[in-house]
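Asks: I have a structure here, written as structure tokens, and I will follow up with some questions on it.
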Amino acid sequence: MTSPDSLHETIIPVCAAAIIREGRVLVGRRNRYIDDSGRWELPGGKLMAGEDPRACLARELLEEFGVRAQVGDLFAVTNHRYEHRHILLIVYRTSVPAGGLSSSDHDRLIWADPRQMESLDFLEADRPIVRQLIDELEHPQP
């Protein structure tokens, strides 16, 4: 049964990138200045009111990494309710230019293979997406 408060709960839309290169996925560990520091996530950020989700993701990647990303097709959508917030995570296949990356929101960035991704402590909202990415990398379609 739902409570009256849960019917009016604010959902925070977040756009994230599935950046895959040579069988690895770009993931970042949140730095100590961000909630849930030390946890891993796909790069991205909050969608602003009236903003197109693809434009949001391109903006976030430019702000975080200083790169112009190519945001492609929708990869997956997931919905997760944390104790004090509710996240709608919208993930797009995305590519970024080759070269070194650094992030203002992450203290560590890695190109993780499926085995590494299984061992990282991802945010709960990201976990179903990470599972899909692992499955795709382990069982590529011809």
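Asks: Taking L101 as meeting all but one of (1) over 17 Å from E60 (Cα atoms); (2) touching a residue at least 40 places away in the same chain (Cβ under 8 Å); (3) among the hydrophobic types (A, V, I, L, M, F, W, C), write down the number of the exception.
Replies: With (1) over 17 Å from E60 (Cα atoms); (2) touching a residue at least 40 places away in the same chain (Cβ under 8 Å); (3) among the hydrophobic types (A, V, I, L, M, F, W, C) applied to L101, the lone miss is (1).
Asks: I need the full set of residues from the stretch 77-127 which are of a type in the set (S, T, N, Q) and either assigned to a strand (DSSP E or B) or in contact with a Cys (Cβ under 8 Å, 6 or more places away or on another chain) (or both), in order please.
Replies: Passing the criteria: T78, N79, T94, S95.
Asks: Within the stretch 12-46, can you find the residues that are among the hydroxyl-bearing types (S, T, Y) and either within 19 Å of S119 (Cα to Cα) or modelled with pLDDT of 95 or more (or both)?
Replies: Residue satisfying the conditions is S37 alone.
Asks: Let me ask something else about it. Residues that are more than 12 Å from the chain's Cα centre (by Cα), under 12 Å from E41 (Cβ atoms) and surrounded by 15 or more Cβ atoms within 10 Å (Cβ to Cβ): does the stretch 87-103 have at least one?
Replies: So far as the stretch 87-103 goes, yes, one or more of its residues are more than 12 Å from the chain's Cα centre (by Cα), under 12 Å from E41 (Cβ atoms) and surrounded by 15 or more Cβ atoms within 10 Å (Cβ to Cβ).
Asks: Further, regarding this structure: Kindly indicate whether any position in the stretch 110-130 is of a type in the set (S, T, N, Q), surrounded by 12 or more Cβ atoms within 10 Å (Cβ to Cβ) and modelled with pLDDT under 90.
Replies: No, the stretch 110-130 has no match at all.
Quick grid of which residues meet (1) within 21 Å of G23 (Cβ to Cβ); (2) among the small types (G, A, S); (3) without any contact (Cβ under 8 Å) to a residue 24 or more places away in the chain:
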residue: G50; (1), (2), (3): no, yes, yes
residue: L62; (1), (2), (3): no, no, yes
residue: L74; (1), (2), (3): no, no, yes
residue: E83; (1), (2), (3): no, no, yes
residue: D113; (1), (2), (3): yes, no, no
residue: P128; (1), (2), (3): yes, no, no
residue: R131; (1), (2), (3): yes, no, yes
residue: D135; (1), (2), (3): yes, no, yes
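Asks: Name the single residue that is surrounded by the fewest Cβ atoms within 10 Å (Cβ to Cβ) among those in the stretch 47-69 being at pLDDT below 95, not in a loop (DSSP other than H, G, I, E, B) and not aliphatic (A, V, I, L, M).
Replies: E63
The values are calculated or read from the model by the stated rules, or taken from the named source; none is laboratory data. What you see is a predicted model, and the numbers here were worked out from it, not measured in a lab. Virtual Cβ from ideal backbone geometry, glycine too; neighbours counted across all protein chains shown.
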